[in-house]
Amino acid sequence: MKENQMIEESIARLGELEQDLKIDGIPSGVEGLDKMFFVFKKTKKGVKKEYLNGIPRYSIFNITGVPDTGKSLLVEQVAITQAGKDIPTIFVTVETPAIFVGSVLKQKAIAMGVDEKKIEENIIFIDAASHHQLREEIPLFLNTLAYAIKKYHVKFTIIDSITGFFEAKEMIARTIVRQLFHFMKKWYQTALFVSQKRSGHEDLSAEAAGGYAIAHILDGSMVFSKKVISSTYDERLYNLPIGEMIRLFRIDGCRLCGHDTETHVLEIEKGLIKIGPSLKELKNKQTK
Ligand SMILES: Nc1ncnc2c1ncn2[C@@H]1O[C@H](COP(=O)(O)OP(=O)(O)OP(=O)(O)O)[C@@H](O)[C@H]1O
Ligand SMILES: [Mg+2]
């Protein structure tokens, strides 16, 4: 692109942009999550808070936390929910070969009451676990994604996990994540990027991938953590005995709309997760 043309194309008044994007909610299939996003609307009676009832459309979220906190469970559940509604969804699997993830998704679909056939038809796997070139050559990976998005008219993309793209090259983690982010925006995707966090980092911070600040690049983070019940205060608050483990969940920023800012208990039942009460609610209940 010539410099003059680039300058010309990069400047526009808001009213001149091609589309005014409408940010509505995409139901996630995760109980408790969809009510955590909202916008403010003008009404005759004044300004009203309106829940999106879903994940904000066109958002690119960082799904982060230490091992075994529920990140994969969340993105799998979201993928099944989209597929169940005939929304073609790309699932990039980076750690586990597609065939294994596929079998987990089918089992989970049964638990969620979603027709297995819909999973077969509407989930498009990109197997970057079995094909190492896809993890190592970002342009090749992006070409593959573009091909799949066009071929299947994809609107939703999940990557579990982006950490696999910068293994042993964490210094360029931000560059890689920025490329992925801009690609998703260009193709008008709503996307969830799982990123792994080392246990050394502060539990409920969004800092992932060895502390290379990738969270700042994306639209927001959903942070997962776990803690062991270790005091009588915890015992009372969570109504669990000492030594038990509890999982926690929090939304850490969202550039596209308002969001719940409290820390919530994350519950797993029959392999399905739901966002439970906030710690504030638990505390209030206790003092009543
Ligand atoms: N059917 C089930 N019933 C109860 N708990 C389950 C069930 N299936 C999975 N879990 C629990 O969910 C936890 C979270 O699993 P998940 O695979 O989502 O972790 P993760 O955050 O993706 O971890 P990693 O970073 O290692 O990939 C597991 O440790 C497991 O204990
Ligand atoms: Mg996982």
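The values are calculated or read from the model by the stated rules, or taken from the named source; none is laboratory data. A quick note: this is a predicted structure, and the numbers were derived from the prediction, not measured. Quick reminder, even Gly has a Cβ in these numbers, built from the backbone with ideal geometry, and neighbours come from all protein chains shown.
Output the residues belonging to region 115-153 that are farther than 12 Å from Thr89 by Cβ and of a type in the set (A, V, I, L, M, F, W, C).
Selection gives Ala128, Ala129, Leu134, Ile138, Leu140, Phe141, Leu142, Leu145, Ala146.
Got at least one residue in region 81-94 being among the small types (Gly, Ala, Ser) and within 16 Å of ligand 2 (Cβ to nearest atom)?
For region 81-94, residues among the small types (Gly, Ala, Ser) and within 16 Å of ligand 2 (Cβ to nearest atom): absent.
Which numbered condition trips up Gly102, out of (1) surrounded by 14 or more Cβ atoms within 10 Å (Cβ to Cβ); (2) closer than 20 Å to Phe224 by Cβ; (3) not β-branched (Val, Ile, Thr)?
(2)
Step by step: first the residues of region 215-252, then only those that are among the hydrophobic types (A, V, I, L, M, F, W, C) and in a loop (DSSP other than H, G, I, E, B), then the one that is surrounded by the most Cβ atoms within 10 Å (Cβ to Cβ). Which residue is that?
Here the residue is Leu218.
Going by what's in this entry, would Lys186 be described as over 14 Å from the mean Cα position of the chain (by Cα) and at pLDDT 95 or above?
Considered against the rule, which asks whether it is over 14 Å from the mean Cα position of the chain (by Cα) and at pLDDT 95 or above, Lys186 comes out as yes.
Could you list all residues from region 255-271 that are within 21 Å of Val66 (Cα to Cα), at pLDDT below 95 and surrounded by 13 or more Cβ atoms within 10 Å (Cβ to Cβ)?
Within region 255-271, Gly271 is the sole residue that qualifies.
Which numbered condition in (1) among the basic types (Lys, Arg); (2) away from ligand 2 (no atom under 16 Å from the Cβ); (3) under 29 Å from Lys108 (Cα atoms) is the only one that Arg247 fails?
Just one mismatch for Arg247, condition (2).
When only residues in region 108-139 that are among the small types (Gly, Ala, Ser) and surrounded by 17 or more Cβ atoms within 10 Å (Cβ to Cβ) count, which is nearest to Thr157 (Cα to Cα)?
Of everything passing the filter in region 108-139, Ala128 is nearest to Thr157 (Cα to Cα).
Which of (1) modelled with pLDDT of 95 or more; (2) surrounded by 18 or more Cβ atoms within 10 Å (Cβ to Cβ) is the odd one out, the single condition Gly65 does not satisfy?
(1)
When the residues of region 140-169 are narrowed to those that are crowded, with 17+ Cβ neighbours inside 10 Å and of a type in the set (Ser, Thr, Tyr), which ends up nearest to ligand 1 (Cβ to nearest atom)?
Ser161
As an exercise: evaluate Val154 against (1) modelled with pLDDT under 95; (2) away from ligand 2 (no atom under 16 Å from the Cβ) and give the number of the one condition it does not meet.
(1)
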